[in-house]
Amino acid sequence: MECSSLVGAEVGVLKGHTSSALLNGIPDLFLHMVDLWGPNKFSKYLQTGDQASRLTKEQHEQNYCEAKKVTKFAESRRKMHR
Ligand SMILES: C[S@@+](CC[C@H](N)C(=O)[O-])C[C@H]1O[C@@H](n2cnc3c(N)ncnc32)[C@H](O)[C@@H]1O
């Protein structure tokens, strides 16, 4: 349930460190955390050369767990979308 006065989104969360900093720095923020947290071999994202575009399913799963863990302190103010 969103009851914060500020609502935001981070698209491309990876391990959640930016989401964590946002939730920590902005106490009123409700944050939607959006990431595939999974390989997307059909995406143009692969062509960008970003290291995260070549992660395995297992590495993505670890990142999802890490993102969940590092934002747990604000779990009532965040929703993870994958
Ligand atoms: C460079 S990392 C993000 C880094 C993160 N913002 C930070 O501050 O640490 C890019 C992320 O975008 C995600 N991503 C790539 N294409 C996506 C898409 N179409 N929809 C959602 N997430 C996507 C990848 O899974 C990856 O975790």
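None of the figures in this text is laboratory data; all of them are computed from the coordinates on show. Computed from a predicted structure; not experimentally measured. Counting neighbours? That spans all protein chains shown, and the Cβs are built from the backbone with ideal geometry, glycine included.
For the reader, a short list of remarks on this structure follows.
- Taken together, G16, G25, G12, G49 contain a single residue that is exposed (fewer than 12 other Cβ atoms within 10 Å of the Cβ) and at positive phi, which is G49.
- Which numbered condition F30 misses (of (1) over 15 Å from the mean Cα position of the chain (by Cα); (2) not in a helix (DSSP H, G or I)): (1)
- Restricting region 1-41 to residues that are in contact (Cβ under 8 Å) with a residue 12 or more places away in the chain and among the β-branched types (V, I, T), the residue that is farthest from E75 (Cα to Cα) is V11.
- Matching residues, region 21-47, being closer than 13 Å to Y64 by Cα and among the small types (G, A, S): G38
- For region 8-27, a tally of residues being charged (D, E, K, R) and in a strand (DSSP E or B) returns 1.
- Residues of region 42-82 classified as part of a helix (DSSP H, G or I) and in contact (Cβ under 8 Å) with a residue 24 or more places away in the chain, total: 13
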